[in-house]
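The values are calculated or read from the model by the stated rules, or taken from the named source; none is laboratory data. Treat the numbers as computed from the prediction; the structure is a model and nothing was measured. All Cβ positions, even for glycine, are placed from backbone atoms using ideal geometry, and neighbour counts span all protein chains on display.
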Amino acid sequence: MSTYIKKCPECGGINLVLNKEKGEIICKDCGLVIEEKMIDFGQEWQEFDHEQAEKRRRTGAPMTYTKYDRGLGTDVGQTSDLYQLKSKGRNKFFRLRKWQYRISTAIERNLKLALAELKRVASYLKLPKSVEEESARIYTMAVQRGLVRGRSMESVVAGALYAACRRHEVPRTLEELSEASGIDKKEVGRTYRFVTRELGIRILPSNPVDYIARFASALNLNANTQSKAVEILEQAQKAELTSGRGPTGIAAASLYVAALMNNEKRTQREVADIAGVTEVTIRNRYKELLKELNIEIKVKRKDTKE
């Protein structure tokens with residue numbers, strides 16, 4: 001019981017009782033709930049089986065947007081409990097469970113399907129839980145605002161995932177989202193811009209440096225080449241070469257230049273395939289970097305005998 005509450009503010013009574021299960025302080029004289037949603041700071045007991053968990057656990061699973069009911073929904077009985085009933089009672093509860101799944105709003109039905117697709121795409125792209133949670137929150141807000149009407153569920157899921165990746169600075173390209181979701185790249189980009197604009201989500205432009213580590217790992221380049229690519233990118237940003245250009249293209253070109261400088265030659269086709277851009281883009285960015293930053297590339301060659 002709170003030490004600050006001495007008497008009931010309604011009737012002035014001092015006959016107060018604490019209900020630990022509900023977290024409430026109640027006046028027994030007039031029935032007024034004086035305080036509610038109180039936190040129990042007592043010890044959390046360990047449990048080693050289901051029976052102990054039911055008796056000792058005081059909290060449930062955390063709330064999450066990755067479930068259509070945010071993890072707060074309940075089921076009509078557990079499957080193991082239902083089979084302990086007689087056939088008549090068992091059939092009754094099975095019917096109740098069936099109707100529980102049937103009676104749901106359009107938003108709930110949409111979220112059930114969409115969040116399952118969201119988990120699949122997030123698993124395919126190996127995204128962290130924080131990005132998955134944020135994308136589920138964005139999609140839920142989009143459904144509640146009616147932004148899904150007239151658009152495919154998959155495109156809105158991909159757009160929400162891309163927005164979450166950008167907010168958490170997890171480098172994923174539109175090409176990767178398109179491949180994982182099976183939606184055209186342009187459609188994913190359009191949906192992403194529409195959702196962020198309608199929901200008022202502010203997203204900063206992508207930093208090309210974020211892509212360096214992923215591209216370098218995929219190309220099997222060493223740490224010195226990776227560090228050199230970051231230096232080239234920083235010089236390019238100071239010279240304002242990155243403005244108006246795609247972050248993946250400029251990052252891939254910086255890696256290509258750094259690899260040549262460290263005698264780790266990779267072809268433009270290899271770099272372009274990893275970055276999801278064309279060879280022409282790599283070639284153009286490569287020429288710009290050499291010209292504007294005055295970079296000279298000297299490739300070491302083995303001595304040959306005539």
Per the filter on the range 104-124, residues closer than 20 Å to H168 by Cα and surrounded by 18 or more Cβ atoms within 10 Å (Cβ to Cβ) are L115, L118, V121, A122
Could you say which residue among S123, S80, S155, S130 is at pLDDT 90 or above and either touching a Ser or Thr at 6+ places or on another chain (Cβ under 7 Å) or more than 30 Å from G200 (Cβ to Cβ) (or both)?
-> S155
Quick check: anything in the range 135-144 closer than 30 Å to T242 by Cα, in a helix (DSSP H, G or I) and not assigned by TED's automatic domain parsing to the domain that holds T248?
-> yes
Across the range 38-68, what is the total count of residues that are modelled with pLDDT of 75 or more and either within 30 Å of L111 (Cα to Cα) or of a type in the set (D, E, K, R) (or both)?
-> 8
If the Cβ limit is 9 Å and pairs must be 6+ apart or interchain, which residue in the range 277-294 that is more than 21 Å from K185 (Cβ to Cβ) and assigned by TED's automatic domain parsing to the domain that holds P247 pairs with which residue that is of a type in the set (K, R) and surrounded by 14 or more Cβ atoms within 10 Å (Cβ to Cβ)?
-> E288/R245
Evaluate the following for R151: is it surrounded by 14 or more Cβ atoms within 10 Å (Cβ to Cβ) and in contact with a Phe, Trp or Tyr (Cβ under 6 Å, 6 or more places away or on another chain)?
-> no
Taking only the range 125-141 into account, find how many residues are surrounded by 13 or more Cβ atoms within 10 Å (Cβ to Cβ) and among the basic types (K, R).
-> 1
Restricting the search to the range 231-245, which residues are in contact with a helix residue (DSSP H, G or I) (Cβ under 7 Å, 6 or more places away or on another chain) and either within 15 Å of N220 (Cα to Cα) or among the small types (G, A, S) (or both)?
-> A236, A239
Among the residues of the range 155-195 satisfying the criterion of being more than 15 Å from the chain's Cα centre (by Cα) and either in the same structural domain as V277 (by TED's automatic domain parsing) or not in a helix (DSSP H, G or I) (or both), which is nearest to I250 (Cα to Cα)?
-> D184
In the set Y256, Y211, which member is at negative phi, modelled with pLDDT under 90 and assigned to a helix (DSSP H, G or I)?
-> Y211
When the range 143-157 is checked residue by residue, the ones that are of a type in the set (G, A, S), out of contact with any Lys or Arg (no Cβ under 9 Å at 6 or more places or on another chain) and on the phi < 0 side of the Ramachandran plot are S152
Scan I232, I203, I250 and give me the residue that is crowded, with 17+ Cβ neighbours inside 10 Å and closer than 25 Å to Y162 by Cα.
-> I250
If only one of A258, A253, A236 is over 19 Å from E175 (Cα atoms) and within 31 Å of the chain's Cα centre (by Cα), which one is it?
-> A236
Of E108, E24, E35, which residue is closer than 30 Å to V131 by Cα, among the acidic types (D, E) and at pLDDT 80 or above?
-> E108
Within the range 267-278, can you find the residues that are in a loop (DSSP other than H, G, I, E, B) and crowded, with 17+ Cβ neighbours inside 10 Å?
-> G276, V277
